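Shown next, in structure tokens, is the structure this report addresses.
The values are calculated or read from the model by the stated rules, or taken from the named source; none is laboratory data. In this text, all values refer to a predicted model and were calculated from it rather than measured experimentally. Positions of Cβ are backbone-derived with ideal geometry, glycine not excepted, and every protein chain shown enters the neighbour counts. These accessible areas exclude ligands, DNA and RNA; they are computed on the full protein's heavy atoms, side chains included. Shrake-Rupley method; radii C 1.70, N 1.55, O 1.52, S 1.80 Å.
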Amino acid sequence: VPSASLVLIITAYNTVFNTTGTPDGFSYILAIDWFMDRLRTTLNVTGDAVVAGMVASLSDMEMTQDDVENNVKEIAFSAS
């Protein structure tokens with residue numbers, strides 16, 4: 001969910017300080033949240049790619065073209 005951290009920030013602030021609405025300095029957070037969101041997304045995608053590379057490297061499983069075709073046929077057969 002894009003900008004979900006903003007909702008969390010407002011909810012936490014209102015819960016801790018027993019208030020309602022947006023805090024006074026919230027416009028500053030709103031101004032930089034788009035950039036922080038992109039950094040979080042970049043970190044998440046990079047981490048997923050590193051783990052996928054590690055799993056592929058450690059698995060040492062080689063598939064031939066026949067194996068790939070058989071797997072596709074099994075998946076197609078089980079879906080129908």
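The table for this structure:
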read-out: Per-residue [θ]222 nm for the chain (sum of -39500 (n - 2.57) over DSSP H runs n ≥ 4, rounded to 500); value: -27500 deg cm²/dmol
read-out: Percent carbon-and-sulfur accessible area, the chain, ignoring ligands, DNA and RNA, probe 1.4 Å; value: 66 percent
read-out: For the stretch 30-35, Karplus couplings with θ = phi - 60° (6.51, -1.76, 1.60), whole Hz, Gly/Pro x; value: 4, 5, 9, 5, 4, 6
read-out: GNM flexibility winner over the chain from Val45, Val68, Val16 (Cα, springs under 10 Å); value: Val68
read-out: In Hz, Karplus ³J(HN,Hα) per residue of the stretch 14-19 (6.51, -1.76, 1.60; θ = phi - 60°; x = Gly, Pro); value: 5, 6, 5, 9, 6, 10
read-out: Residues Asn44 and Ser78, FRET efficiency given R0 of 25 Å [Cβ-Cβ distance, rounded to 0.05]; value: 0.20
read-out: Reciprocal of mean inverse Cα separation for the chain (Kirkwood radius, Å); value: 17.2 Å
read-out: Difference of contour (0.36 nm per residue) and Cα-Cα distance, Thr19 to Ala56; value: 8.3 nm
read-out: Whole-number accessible area per residue in Å² for the chain, which is evaluated in the context of all protein chains at 1.4 Å; value: 87 Å²
